[in-house]
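Computed from the coordinates by the stated procedures, all read-outs in this text should not be read as laboratory data. Values in this document were obtained by computation on a predicted structure and should not be read as measured data. Cβ placement follows ideal geometry from the backbone for every residue including glycine, while neighbour counts extend to all protein chains displayed.
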Amino acid sequence: MKFFLATSAVLLVGLNMNWLLGPSGPDLSDVVLRPTTEAVPTAHAEAKKPLAVDWQTLRELDYRTGQKSSAIAQLVSDGVIVRVPGFMIPIEDAADAVTEFLLIPYPMACVHVPPPPPNLMIHVKMSGTKKQKVFWEPVWVQGHLQVVETASPYGEAAYTMTGTLVEPYQP
């Protein structure tokens, strides 16, 4: 147990935490995270580009009342594909590939300490029967986000996502 805790502490110290609160520098959240409702002519490929979402934006959901901010309402709209950084917590017993997992903002949050609040947990189900390799470092998860509360052995999640892509985190 001491080894595990020491390893986790070293891992946390060595991580670049920009993925948690977004990049430093000028605030581009209105451009990146809150798309306008105006129609802007773009190429078809650009229209399908996923929106990068940080955990600070996801926190705007009031999980007690279900009240969504305007940013959250836009992110959970039909046809909107989002991309969220985080850490995978497998729900299934298989340790190497899973079809469902929790996405959380920091490592080991659900296993050894009280879980994050529901608005900081996403229950991801991969589309179809696609099995996803489990990553133990930060990842990007891409898919369609919904506000649907689910329960797991590791805590309640206020969001669900139909995952289409999981890849190692790259800033």
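Across segment 39-171, C-alpha contacts under 8 Å between residues 6 or more apart give a mean separation that, scaled by the residue count, equals a relative contact order of 24 percent. The residues neighbouring M121, those whose beta-carbon lies less than 12 Å from its own, together hold a net charge of -1 under the Lys/Arg +1, Asp/Glu -1 convention.
With only Cα atoms counted, segment 84-171 has Rg and Dmax values of 11.5, 32 Å.
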